[in-house]
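Report on the structure given below.
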Amino acid sequence: MPVPMEYWQASRDFERYLGDLKQISLLTTHNQCYAMSRAVLHVFRSHVAIADAVVFAGVLPPVLRAIFVEDWDCNVPVTPFPDRAALHAEIMAVRPDHNTATETPMADVARALRMNVDPQRLEDVLQRLPAPARDFWAV
C-alpha cells in the first residue's frame, strides 16, 4: 500500500497553511502562527464532546490534526462554549507569556483552515456539530 499523499506532503502542506495564516493575520513569523493555531485548536476542543472533536479532527490536515490532539486529557470535563470575548480570553491565556494571538484569532485560523482543506468536507463536518461549535469557526 502506498503512503497516502496527505502524509507524504504533510510538512509542505503545514508550511503552506502557516504562510496563509501569516498573510491573513499579519503576524511576522511561522512560530507565532503555529502558537496561535495551537491555542485556537486547543480552546475549541475544550468545548466540544470527544465524539464531535474526533469528527472535526478527521477533516484537518495531518499536522493540524496532531496539534489538535496533542497533550489532550480526555478526562477533563467539556465546558459549554462561552461568548466570543471569553473564547478570545481563553486563547490569550494559552502560554500567556509567549502568546501573540491577534484580536481575531478564531476568524484568522478559520480563514487559513478553509484555504487548506476541502471546503465542502469542512462544511459537512461543521453541519454535524452543535451550533456553538459551528459558530466558533465563523469568519
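The values are calculated or read from the model by the stated rules, or taken from the named source; none is laboratory data. In this text the structure is predicted, and so the values were computed from the model without any measurement. Here the Cβ is made from the backbone with ideal geometry for all residues, glycine too, and neighbour counts use every protein chain on show. Just the protein is used for accessible areas: all its heavy atoms, side chains included, with ligands, DNA and RNA removed. Shrake-Rupley method; radii C 1.70, N 1.55, O 1.52, S 1.80 Å.
Sketch the reach of a paramagnetic label on ARG128 as a point 7 Å from Cα along Cα-to-Cβ, and name the residues of the range 20-64 whose backbone nitrogen lies under 20 Å away. Only 41-42, 44-64 pass the distance filter.
Computed 3J(HN,Hα) for the range 7-16, one whole-Hz value per residue from the Karplus formula 6.51 cos²θ - 1.76 cosθ + 1.60 where θ = phi - 60°, is 7, 4, 9, 4, 5, 5, 5, 5, 4, 5, glycine and proline marked x.
Note down the net charge around TYR7, summing +1 for each Lys or Arg and -1 for each Asp or Glu among other residues with Cβ under 12 Å from its Cβ. Taking every Cβ under 12 Å from that of TYR7, the sum is 0. Would you look at the GNM of the chain, springs on alpha carbons closer than 10 Å, and say which of ALA112, ALA93, ALA57 moves the most? Fluctuation is largest for ALA93. Once you order the gyration tensor axes a ≥ b ≥ c over the Cα atoms, which shape class does the range 1-101 get: rounded for a/c under 1.5, otherwise prolate or oblate by comparing a/b with b/c? Oblate is the answer for the range 1-101, as a/c is 1.5 or above yet b/c matches or exceeds a/b. Per residue, the solvent-accessible area of the chain (1.4 Å probe, heavy atoms of protein chains only, all protein chains present) comes to 55 Å².
Surface composition of the chain: carbon plus sulfur atoms contribute 57% of the solvent-accessible area (1.4 Å probe, protein chains only, all chains present). Where in the range 19-63 is the amide nitrogen less than 20 Å from a point lying 7 Å along the Cα-to-Cβ axis of ASP73? Label zone hits: 38-51, 53-54. Computed extension gain for ASN99 through ARG84, at 0.36 nm per residue and net of the alpha carbon distance, reaches 3.6 nm.
Around the amide H of VAL48, modelled in the peptide plane, lies no amide H under 5 Å away from a residue 5 or more places distant or on another chain.
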